[in-house]
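Presented below is the structure to which this report refers.
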Amino acid sequence: MSRLREALDNAAADAPTLNLADWAITSSRRRRKTRMAAGSAAVIGLAVLAGVVLDVFPGTGPLMADKAVVAVQTGKIADLPSRGVGPLSHAYRTFCLISGPIPPDCRNGKWRVVALSGETYHLPQALGTLSTKSGPKFYPLAISRDGRIIAYYNQSAKTFKVRDLASGTEQTAPVAIAEAELGGNAHLELSDDGRYLAFTGYPSRKEDGLLIDMRARTTTPLPVGWDLRSIDGTTVTLARYGRYGEKPGIWVMPLAGGGSPITVDETYTRFSALAPNGAAVAALRRGQSLDSHDDTITVLDARTGKVKKTVTMRGLPKGSPTLTPGVWLSAAEVTLAALPSDRWNENRQITYAVNVETGQVRQLAVYHPQNVMHLVIPGVPAAF
């Protein structure tokens, strides 16, 4: 997997052909009391260069479909309208100066977004990639779980902006953030209502992160070396992966800051978003090599680090390297990002739902990027 990861790091991105749609959350204020209401996804497809349609497993959320819908993308692509855009299915960066298929109307290193209805738009106000003397830097984008709000770094404003796609209302973060503060591949997370925005410099491990309250216009520092997993009604969940001599850990931090991190067993290397009950995370256990995982999934107590349950995953195709667990679809199911093979030029990412009680795995969606690092799915924490 280390060779595969290096190849993915070095490859450029293309558009995915299918998406895992959003999980609609009715209210961030009610989320703490009704976490089990997290919805599942409908799969609505986009074919950029060639249409690929796979079976869809209907979910339990309000956005459901019995089959994937393919929209063919050709010719000129419009910039994102000022208002009236429906929920997004995903976003991705495009790269034009590479070998291999190039997306239509390509803008090198720029973000574009895809609506659930299939429309594709350029997002010129968002900084995607910037060339520096030390190499390219990638600037993050986040999408709320219901796909209706986006956050991105705006180069002219020198900070992040949060935008409601339907109304066009845009908020600018109350603090200037120099481009150098974001590291080479910062991670960005957005709360369901768009109020809270957080970024960390992981995996650079050099820059402090920041939690921003867009309504109160206040900021709270986040620690170096921790990666964002989720922002819920009252907490931000961070993870540390046990590299560079540090022990892996989980930190469920109050939105006002504080709390204490907990250390977990060194065999655990990847962690999910916070579970619907607010007290657990799912974790993957290291396999035979540093960058691989075994065939189990574990539920850890987010307050103590103790193991609640470990099950062997059933139904995951043999030879599928797992990347990371993500958001929870219900109290029993968590999403899992994986690759279908460890080929250095693998261009597919598959999202599964894993039942943490039984270990049963079901496929949700397939993506076809040139590089999975440049794909953003609503509410799903970064895979790398």
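The values are calculated or read from the model by the stated rules, or taken from the named source; none is laboratory data. Values in this document were obtained by computation on a predicted structure and should not be read as measured data. Note that we place each Cβ from the backbone using ideal geometry, even for glycine, and neighbour counts take in every protein chain shown. Only protein heavy atoms, including side chains, enter the accessible area calculation; ligands, DNA and RNA are left aside. Shrake-Rupley method; radii C 1.70, N 1.55, O 1.52, S 1.80 Å.
A 1.4 Å probe run over the protein chains yields, for the range 147-300, 35 Å² of accessible area per residue, whole-number rounding.
Let me know the shape class of the range 73-225, please: from the alpha-carbon gyration tensor, a ≥ b ≥ c as square roots of the eigenvalues, rounded when a/c is under 1.5, otherwise prolate if a/b is greater than b/c, or oblate. If you can, show how the numbers build up before the last one.
Values: a/c = 2.09, a/b = 1.18, b/c = 1.77.
It comes out oblate by the Cα gyration axes.
When the surface is traced with a 1.4 Å probe over the full set of protein chains, residue 309 keeps roughly 80 Å² accessible. Given a Förster radius of 25 Å and the C-beta distance between residue 362 and residue 342 as r, what FRET efficiency does 1/(1 + (r/R0)^6) yield to the nearest 0.05? The computed FRET efficiency comes out at 0.65. With the whole protein complex present, residue 148 retains an accessible surface near 120 Å², based on a 1.4 Å probe.
So if R0 is 56 Å, what FRET efficiency would residue 246 and residue 76 give, r being the distance between their Cβ atoms, rounded to the nearest 0.05?
After rounding, the FRET efficiency stands at 0.70.
The largest accessible area among 214, 373 belongs to the first residue in 373, 214, and the rest follow in falling order (1.4 Å probe, all chains).
Under 13 Å from a label point set 7 Å out along the Cα-to-Cβ vector of residue 267, the amide N atoms of the range 296-335 belong to 296-299, 307-312.
Considering the range 272-383 at the alpha-carbon level, its Rg and Dmax are found to be 13.5, 40 Å. The order of 172, 304, 298 by accessible area, most exposed first and with a 1.4 Å probe, is 304, 172, 298. Surface composition of the range 169-265: carbon and sulfur atoms hold 49% of the protein heavy-atom accessible area at a 1.4 Å probe. With the whole protein complex present, residue 260 retains an accessible surface near 90 Å², based on a 1.4 Å probe.
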